[in-house]
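Throughout, read-outs are computed from the coordinates displayed, never taken from laboratory work. For clarity, every value in this text was computed on a predicted model and none was experimentally measured. Backbone-built Cβ (ideal geometry, glycine too); neighbour counts: all protein chains shown.
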């Protein structure tokens, strides 16, 4: 639970008895008049992702000293209780689920003698709880040189086959010689079979210790099923520019299968019109998706 409240801890102290371990000690003020119940019309609710936010009007002077809000968690069947001072006007209940529909919240106010008012029931709904996704495993797909192509091979050095030869001391280079080809330059893979969730790895060129230029600095990861129409899934940035640096992307979930892939370089370090790279790898990733709104309740 998240409470926005003010507990005053100096002066005359009184101990609240209610909600057991939720009790707080705070300065009391006002008299021991019968507490005024919370009016249902004064409470609003907001459905947030996996939360319910309750907001109510500030009480009139001496209306009550503190209040408690109780509800039963329909998943755990536990009774949840929150105590808030008269200075509090909102509570956010965590770990709620839209699948349970209306939650019933029971408001009760108390005076300085811990005498309670009538209980007010407020019904409110939760927003859908967020889906969580985590990686279970990954496996390198063995790429062959025949599956690789590019739109900008440098004719004098760095054939694209060097990306998958396992030798970190050589490199692939896109065209730097005249006539140069404007970016983007890409590495394309024709899998000839379907892939879905994935991650990519590459190693920057390591032998050109005199420069950090010509490293990919912004890259679109693209997929296709015909090699003609391309969809950009995400854009990588903040990429390494050192010598022999290694980079592994977060896993990407396209939500569909694909048979072609492009590592599409749209910008480079030092703004060169070409890039180079030592090694490139592609990983198939198994992911686990957990949706609390549809998960079994047992």
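So if each residue of separation counts as 0.36 nm, and I subtract the Cα-Cα distance between residue 168 and residue 235, what length gain in nm does that give?
21.6 nm
Which whole-number percent is the relative contact order of segment 136-289 (Cα, under 8 Å, 6+ apart)?
Dividing the mean separation by the residue count of segment 136-289 yields 37 percent.
Quick check: Cα centre of segment 157-194 to Cα centre of segment 214-274, how many Å?
Distance between centres, Cα-based: 13 Å.
Using a/c under 1.5 as the rounded threshold, could you call segment 136-289 rounded, prolate or oblate? The axes a ≥ b ≥ c are square roots of the C-alpha gyration tensor eigenvalues, and prolate needs a/b larger than b/c, oblate otherwise.
prolate
Just one of (1) 19.7, 62; (2) 30.6, 92; (3) 19.1, 58 is Rg and Dmax of the Cα atoms in Å calculated from these coordinates, so which is it?
Checking each listed value against the structure points to (2).
Measuring from a point 7 Å past the Cα of residue 135 along Cα-to-C-beta, which residues in segment 180-216 have an amide N at less than 13 Å?
197-202
For a Förster distance of 41 Å, can you work out the FRET efficiency between the beta-carbons of residue 75 and residue 248, rounded to the nearest 0.05?
0.65
Would you mind ranking 210, 75, 176 so that the residue whose beta carbon has the fewest other beta carbons within 10 Å leads the list?
Least crowded to most crowded, the residues run 210, 75, 176.
Return the FRET efficiency for the residue pair residue 192, residue 89: r is the Cβ-Cβ distance, R0 is 51 Å, and the value is rounded to the nearest 0.05.
Here the calculated transfer efficiency is 0.25.
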